[in-house]
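Worksheet: one structure, shown below.
We did not get these values from a lab; they are worked out from the coordinates using the rules stated. It should be emphasised that the depicted structure is a prediction, and the values quoted were computed from it without experimental measurement. Cβ: placed from backbone, ideal geometry, glycine included. Neighbour counts: every protein chain shown.
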């Protein structure tokens, strides 16, 4: 259970119960939307081939990131390879011994149950759990959350499932099967950020996935429907949602909870430049805070260099603040719901200073969340 303790904050984040309810309602509204035929018909033609393939199952450990405001929580983005679930769990325990003792059967079920459900759906009920899981990421030992992936591997082994953390290039994969050192892999827990399986290192996995030879979760299909930042353009457009037949209650909920989001290529650049202090600029094909630029800090030269077709212009929603020590500035705070389908399996808070989320602020990192009235 040993993880990076420097990624755990000793601070506590208060989350009003009413905001938590709204966050959960937002998650469920988006899940409902992702299953609607009209929504899929509108979105799927915009996606690459790998994302148009429906594998018949969902995506484990999705992350819905929110900022809290006086008007309620605002959804900043959705991640299909969200990390930090176990760090969030550790943040609720004072020490490793407490964490191990607290890893109850109920909590294990919350973490492991989705993997069982994925395999059951993939195998059409022939398997109740995977036999061999590969947890993949690019050069995983160099990733900040590598130890979290190792803990997941330990959980899988305790569950009776062989599991290893590997770079995708370690796998032997093609349209027939996926193996690791000669042993067949039936489920890949995908922490890699090549969301559409476009890099050469992912070619074999892509072939196996499209041939239905391996359960890949999260996968390009769910990423295209929910994780691609371009979807936020539609979610923040009530008229477009109404045309798709979305219920009025869900439209109102999304209009309140999703910041106005537009592709830069659809906007007048001179107007956006003048209003830049009210916007955040996000590359649609990157994850987390990589490449994110706050309008207040962007130079005209950098603004002119933005790829208008792949830059999301999103209404700036300042993060809420968590008080720190008396002589220190408060910490900026993001809230993350860890989700399977429409079910919340955990809550995390990330504390940081600077323009965008990071896990390297002294005293910051994942923090315990306390639900308050």
Which whole-angstrom value gives the distance between the alpha carbon centres of region 224-238 and region 294-311? 21 Å
So for region 221-373, averaging the separation of alpha carbon pairs under 8 Å that are six or more residues apart and normalising by length, what relative contact order in percent results? 16 percent
Here are some values of log10 I(q)/I(0) by the Debye sum over Cα atoms at q = 0.13, 0.15 Å⁻¹: (i) -0.93, -1.29; (ii) -1.12, -1.48; (iii) -1.04, -1.28. Which one was computed from this structure? (ii)
Please give the calculated 222 nm ellipticity per residue for the chain, where each DSSP H segment of at least 4 residues contributes -39500 (n - 2.57) and the sum is spread over every residue; nearest 500 deg cm²/dmol? -8500 deg cm²/dmol
Nearest-5 percent of antiparallel DSSP beta bridges in the chain? 70 percent
Between region 164-217 and region 252-285, the Cα center-to-center distance that results, in Å: 35 Å
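Going by C-beta contacts inside 10 Å, put 159, 279 in order with the fewest on the left.
Neighbour counts put them in this order, fewest first: 159, 279.
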Obtain the nm distance between the two label points defined at residue 275 and residue 297 by a simple spin-label model: each point lies 7 Å from its Cα along the Cα-to-C-beta direction. 2.3 nm
Of all DSSP beta bridges in region 71-205, antiparallel share, percent nearest 5: 30 percent
Return a whole-number percent for the relative contact order of region 196-299, with Cα pairs under 8 Å and 6 or more residues apart as the contact set. 19 percent
Sorted by packing (mean other beta-carbon atoms within 10 Å per residue), highest first, where do 165-177, 34-46 land? 165-177, 34-46
By the C-alpha gyration tensor axes a ≥ b ≥ c (rounded if a/c is under 1.5, else prolate when a/b exceeds b/c, else oblate), the shape of region 212-272 is oblate
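Please work out the FRET efficiency for the pair residue 318 and residue 174, using the Cβ-Cβ distance as r and a Förster radius of 51 Å; give the result to the nearest 0.05.
So the FRET efficiency works out to roughly 0.60.
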Over the chain, what relative contact order in percent results from Cα pairs under 8 Å that are six or more residues apart? 27 percent
Run the quick spin-label model on residue 46 and residue 10: label points 7 Å from Cα toward the beta carbon, then report their separation in nm to one decimal. 4.6 nm
